[in-house]
Amino acid sequence: MGQHLRPQPEPAGAPFPPDVDVSLASSVDAELPWLWRHIPLTRRIAADLRGLAGRSLCLNIHLDIKMAPVVDALVAAGARVVVLGCNPHTTRDAVVAWMVRRGAEVRARAGMAESDRQAAIRWALGQECEFVSEMGGDVLLAAAGDSRATRSLRAGMEATGTGIARLQGVALSVPVFNWDGLTLKQGLHNRHLVGLMVWATFLQVTLLTLYGRTVLVVGYGLVGQGLADYARRLGARVLVCELDPVRAHLARHHGCEVVSLDEGLARADVVVTATGREKVISTPQFPLLREGALLLNAGHSTLELDAPALRAHPTRRIRPHVEAVELGGRTVYLLAEGAMFNLAAGPGDPYDAFDLTSALMLAGIEYMVAHHQDFPPGLHLMPAEVERRVAALAAEAIR
């Protein structure tokens with residue numbers, strides 16, 4: 001076994017021991033030079049970070065290797081960095097080990113139980129962090145009802161539509177910046193990259209094409225639009241279930257057939273959810289699924305597909321990330337346990353594409369720390385000057 005590293009004494013009531021086998025970090029070390037080479041925007045923002053020395057930040061994020069440069073930059077800038085995993089299915093233990101070795105205080109592990117994840121959030125609230133940058137809104141929601149956290153908390157950032165929806169209507173005590181709504185984030189990451197990588201991962205995991213298959217996209221926001229677009233390019237017939245009449249009209253203009261959820265489930269060979277809501281497909285819908293249907297989720301919430309209810313039926317794993325579920329004489333296939341498919345079963349965004357996202361995240365954190373006092377409590381769209389800064393660097397990079 002490798003050497004163990006404890007970043008700080010274990011506080012009473014912590015969710016689990018933070019001992020980490022730092023030898024796991026070697027695989028991240030081997031890959032980082034290739035990653036750094038292909039993220040020029042993130043390198044530029046990281047090299048110029050200001051005002052973070054001595055500040056305390058909590059990150060609640062997907063812990064795959066693409067987040068290593070973000071944590072590296074924040075630690076190098078002198079910040080204290082507390083890290084949680086926003087989804088146990090997308091946490092990589094080697095990345096956790098690397099971040100601990102780098103000096104971050106991490107409470108996460110691959111596949112950790114939900115009770116442990118909630119305990120980790122409670123532990124983080126007791127760490128007196130001044131700023132939160134997260135994906136899914138869990139920490140900020142918990143902080144809204146915790147007087148200990150609100151005493152130290154100054155501001156937060158949220159990166160997902162799911163998190164923004166959860167935070168709307170909550171009595172926030174601090175300003176929270178929505179950077180999911182930035183034009184660059186929505187137009188590139190949400191609209192294009194998720195769809196591209198979901199189907200690239202689908203091909204790799206199932207060894208099946210979409211050609212001639214009927215694909216039902218549930219939810220026609222920007223992620224759903226990208227899923228439908230790339231599915232069509234790969235030869236699928238695309239059905240869309242969307243309750244919003246404007247988005248449904250848009251789907252028709254994009255060449256999709258708009259159907260009810262019941263009709264779509266009865267016809268679809270492949271069902272993909274992209275709503276950001278929980279239990280969109282659950283027990284009442286299971287009898288509608290056709291024989292051999294493949295089910296996957298591209299939204300942030302692991303419960304968009306009610307995987308626990310589905311897996312209560314006889315289930316067997318038939319290949320990595322593919323489970324056969326017996327439903328009263330029919331067999332359907334659950335992919336990646338209903339977790340965010342492109343990250344849980346695949347690599348997520350390509351390195352050079354995610355460069356924009358990680359650069360926006362670092363630039364947003366710097367802006368939040370410097371300017372939070374200028375905003376009242378509540379949700380605010382991240383000011384456009386943040387993405388203009390990153391866009392200007394991107395224009396220089398491609399000249």
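The values are calculated or read from the model by the stated rules, or taken from the named source; none is laboratory data. Worth saying up front: this structure is predicted, and the values here are computed from it rather than measured. Cβ placement follows ideal geometry from the backbone for every residue including glycine, while neighbour counts extend to all protein chains displayed. The accessibility values were calculated without ligands, DNA or RNA, using every heavy atom of the protein model including side chains. Shrake-Rupley method; radii C 1.70, N 1.55, O 1.52, S 1.80 Å.
Surface composition of the chain: carbon and sulfur make up 54 percent of the accessible area, probe 1.4 Å. Think of the chain as having a plus end and a minus end, set by charges on the Cβ of Lys, Arg, Asp and Glu; of Leu250, Ile281, Phe177, Leu250 sits farthest toward the positive end of this dipole. Report summary: the helix-based calculation at 222 nm, which adds -39500 (n - 2.57) for every DSSP H run with n ≥ 4 and divides by the residues of the chain, gives -11500 deg cm²/dmol.
In the elastic network of the chain, a GNM with C-alpha springs shorter than 10 Å, the most mobile of Gly126, Gly226, Gly276 is Gly126. Between Pro320, Pro88, Pro40, the Gaussian network model of the chain with springs among Cα atoms under 10 angstrom shows the greatest mean-square fluctuation at Pro320. Of Ile318, Ile281, Ile65, which has the largest mean-square fluctuation in a 10 Å C-alpha GNM of the chain? In the Gaussian network model the winner is Ile318. Cβ screening of the chain for cysteine pairs under 4.7 Å finds these without a partner: Cys86, Cys241, Cys256. Working from the Cα coordinates of the stretch 52-173, the gyration tensor eigenvalues give, after taking √(5λ), semi-axes of 21, 17, 13 Å in decreasing order. Judged by the mean number of other Cβ atoms found within 10 Å, the most tightly packed of the peptides 173-179, 283-289 leads the ranking 173-179, 283-289.
Here mean projected area of the Cα convex hull in nm² was computed from the coordinates, and among [x] 23.9; [y] 20.0; [z] 18.8 the match is [y]. If you take the Cα centroid of the stretch 203-274 and the Cα centroid of the stretch 363-399, the two points sit 33 Å apart. Anything in the chain that counts as a DSSP H helix reaching 27 Å or more along its axis (C-alpha) with Kyte-Doolittle mean of at least 0.5? List them, would you? Helices meeting the criterion: 351-371.
In the context of the full set of protein chains, the chain has a per residue accessible area of 40 Å² (1.4 Å probe). Beta bridges assigned by DSSP with both partners in the chain are antiparallel in approximately 20 percent of cases. For His371, the solvent-accessible surface computed with a 1.4 Å probe is close to 70 Å², ligands and nucleic acids excluded.
Rounded to the nearest 20, the Cβ-based charge dipole of the chain about its Cα centre (Lys and Arg +1, Asp and Glu -1) stands at 340 debye.
Restricting attention to the stretch 211-325, close to 20% of DSSP beta bridges with both partner residues there are antiparallel.
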